[in-house]
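The values are calculated or read from the model by the stated rules, or taken from the named source; none is laboratory data. This one's a predicted model, so the numbers in the text were calculated from it and none came from an experiment. Please note: Cβ atoms are built from the backbone with ideal geometry, for glycine as well, and neighbour counts cover all protein chains shown. Only protein heavy atoms, including side chains, enter the accessible area calculation; ligands, DNA and RNA are left aside. Shrake-Rupley method; radii C 1.70, N 1.55, O 1.52, S 1.80 Å.
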Amino acid sequence: MSINTFGRVFRVTTWGESHGPALGAIVDGCPPGVALTEDIIQPWLDRRRPGQSRYTTQRREADAVEILSGVFEGRTTGAPISLLIHNTDQRSKDYGDIAFKFRPGHADIAYHLKYGIRDYRGGGRSSARETAARVAAAGVARAALAELVPGLKIRGAMVAMGTRQIDPAAWDWEEVERNPFWCPDARAAAEWATYLDELRQSGNSIGAVIELRAEGVPPGLGAPIYGKLDADIAAALMSINAVKAVEIGDGMKSAALTGVDNADEITMGPEGPVFSSNHAGGVLGGISTGQEIVARFAVKPTSSILQPRRTITITGEETEIVTRGRHDPCVGIRAVPVGEAMLACVLLDHLLLHRAQVGDRAGRIAPG
């Protein structure tokens, strides 16, 4: 299986399967001298960890990260950083019934058609379990960003579950930490709880939309043609298992706007340019403007469900399938910290690229 690495300067290679003995990541290109310990990375993994509410898979994993290399006396050395997470609560027997069947809507059939073999135990590399390694690697990225750009803040929230959306006027970042859905709207979170209970009890699942915001992003990140910041953000988010769509700023809604409506007018403030709005999502021409980066991604419903679906076997026989085991009724719930992780990795990668090419020669607009 090729292409398990992303990034240009800050490069992350993930490895491991859902039901293997362990998974992890190799992080290359982290600047030396960054304060880094397991205790710095672990809180980010704890946010993603399964089994923390009845609305996620009840697989119980500690997700305890171990740093095997690249750190000496609590600081990065510039050498590759190896991160290890042991799997401790696999139940491979749950997947015996689907060893020769393909789950509709799942990567099973695509993996088989490409490789002629697949790890049916939890889906192997196609499982959301793989994202634990990304979150661990992003813990390294966040540590570096905290030193290089102290004011940078990356946050995410679930803004829709199925057709049920939040009220943007009720957005409260503190509420995100108070409910199991990472929802910024308390009323919507209460409604989602009832809705998801009904879906879970019926053996069904639902999709979701996640919104990411990054404040304090320096202007100038990204390259105009084949290294656009928004293109790399979109690619990183699309690489997350179960993600089917990404948009930056107003995204698809931009097509319904006129030029007058879409224009983020610019005035001069005491400290530099001030934008009247942010339809562009903080990126123009593939380059960050200094505004808040705004990105959204859509996560499809979990394919492993208890309701019978028609499918075929690896010998071509038509049959039905019911997927038993422990699965997220809405995998989008745990996608919030994963989306944040991918955005952190992309921003650090582009920051290092920018420093390497431009250095201290970046353009400035001084107040008149």
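Could you tell me whether V346 is buried (at least 17 other Cβ atoms within 10 Å of the Cβ), within 15 Å of the chain's Cα centre (by Cα) and not acidic (D, E)? Yes; evaluated as a whole, the condition is true for this residue. Residue-level check: of (1) open to solvent by less than 40 Å² (accessible area, probe 1.4 Å); (2) under 21 Å from T163 (Cβ atoms), G286 misses just (2).
Does I206 satisfy the condition of being under 20 Å from M161 (Cα atoms), in a loop (DSSP other than H, G, I, E, B) and open to solvent by less than 40 Å² (accessible area, probe 1.4 Å)? Yes; evaluated as a whole, the condition is true for this residue. For first residues located in the stretch 345-368 and in contact (Cβ under 8 Å) with a residue 40 or more places away in the chain, partners that are open to solvent by less than 80 Å² (accessible area, probe 1.4 Å) and of a type in the set (D, E, K, R) and lie 6+ apart or on another chain with Cβ distances below 8 Å form the pairs C345/R134; V346/D232; D349/D232; H350/D232. Can you find, within the stretch 50-95, the residue that is modelled with the highest pLDDT among those that are among the basic types (K, R) and assigned to a loop (DSSP other than H, G, I, E, B)? Going through the qualifying residues, I end up with R60.
Could you go through the stretch 211-222 and let me know if any residue there is more than 30 Å from T76 (Cβ to Cβ), touching a residue at least 40 places away in the same chain (Cβ under 8 Å) and open to solvent by 10 Å² or more (accessible area, probe 1.4 Å). Yes, because at least one residue in the stretch 211-222 is more than 30 Å from T76 (Cβ to Cβ), touching a residue at least 40 places away in the same chain (Cβ under 8 Å) and open to solvent by 10 Å² or more (accessible area, probe 1.4 Å).
Of the residues making up the stretch 112-147, just one is open to solvent by 60 Å² or more (accessible area, probe 1.4 Å), touching a helix residue (DSSP H, G or I) at 6+ places or on another chain (Cβ under 8 Å) and either in contact (Cβ under 8 Å) with a residue 60 or more places away in the chain or part of a helix (DSSP H, G or I) (or both), namely R121. Using beta carbons and a limit of 8 Å, which pairs, at least six apart or on different chains, have the first residue in the stretch 260-285 and more than 12 Å from I365 (Cα to Cα) and aromatic (F, W, Y) and the second one modelled with pLDDT of 95 or more and open to solvent by 60 Å² or more (accessible area, probe 1.4 Å)? Correct list of pairs: F275/E265; F275/I266.
Table: residues versus (1) part of a loop (DSSP other than H, G, I, E, B); (2) not β-branched (V, I, T).
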| site | (1), (2) |
| --- | --- |
| T315 | yes, no |
| P329 | yes, yes |
| G339 | no, yes |
| A344 | no, yes |
| D349 | no, yes |
| L353 | no, yes |
| A356 | no, yes |
| R361 | yes, yes |
